[in-house]
Amino acid sequence: MSIFETLGIYGFDSHKEDAILASLLTGDPVLLIGKQGTAKTALATALGSAFREKSKKDYPEESKRWFNYHAYDSSKINFEDLIGMPNPKALQEGKIDFVKSPMTIWDKHLVVFDEFNRQLPERQNNIFELIRSRTIMGLPTGTKWIINCMNPYGMAGTEILDEALVDRHQWFIYVNDFETLDAANKERVVKHIGSNDAVAL
């Protein structure tokens, strides 16, 4: 059984799984490209959840050392969602600091941008620095891994991505459609109940 299958993600070819794992080793950004419902975001968040659970086992009494991740919807995100609101007290002292929340970027080891090519051009400018150098306005975020997920161009709502932003990605991985999977993987997908499926159960 592959690593992804143990996380409940099925149908990834071994070479694609190896490429994604290699991106975790190198820390280079990866761009997952595929139609809706191909488990792009599910894979990215499953990896984040696995790392978090491992860190909780390794450091049960040290929550500050636990792995943190967050998945942002690029089509809805505001820049303030990433950085938080400016801290008035810090500004009075001539410092730059932001009020942190569970969704701000400052303590996230892994960041996932879903609907990556549905974000507005100005938002692309906001996250370019993060993807390039893991900083925002020159301030280090602590982010090590970035996984971005997008639909193929031409689907409703997609925007053209800035070429420089696309160039920041080391890995481009096309995710298989359900129709292309073999019978065994189709059965696994159909029988699998994820966090967004059959929630009443």
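The values are calculated or read from the model by the stated rules, or taken from the named source; none is laboratory data. Being a predicted model, the structure only gives us computed values, none of them experimental. Please note: Cβ atoms are built from the backbone with ideal geometry, for glycine as well, and neighbour counts cover all protein chains shown. Each accessible area value is taken on the protein alone, full model and side chains, heavy atoms only, with ligands, DNA and RNA left out. Shrake-Rupley method; radii C 1.70, N 1.55, O 1.52, S 1.80 Å.
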Filtered residues of the range 150-172 (kept if of a type outside the set (A, V, I, L, M), open to solvent by 50 Å² or more (accessible area, probe 1.4 Å) and at negative phi): Y153, E159, D162, E163, D167, R168, Q170, W171, F172
Qualifying positions in the range 1-51 - open to solvent by 60 Å² or more (accessible area, probe 1.4 Å) and basic (K, R): K35
Number of the exception - V112 against (1) under 29 Å from D13 (Cα atoms); (2) surrounded by fewer than 18 Cβ atoms within 10 Å (Cβ to Cβ): (2)
Matching residues, the range 132-149, being open to solvent by less than 10 Å² (accessible area, probe 1.4 Å) and not polar (S, T, N, Q): I136, I146, I147, C149
Selection status of I105, over 17 Å from D28 (Cβ atoms), in a loop (DSSP other than H, G, I, E, B), open to solvent by 70 Å² or more (accessible area, probe 1.4 Å) and aliphatic (A, V, I, L, M): no
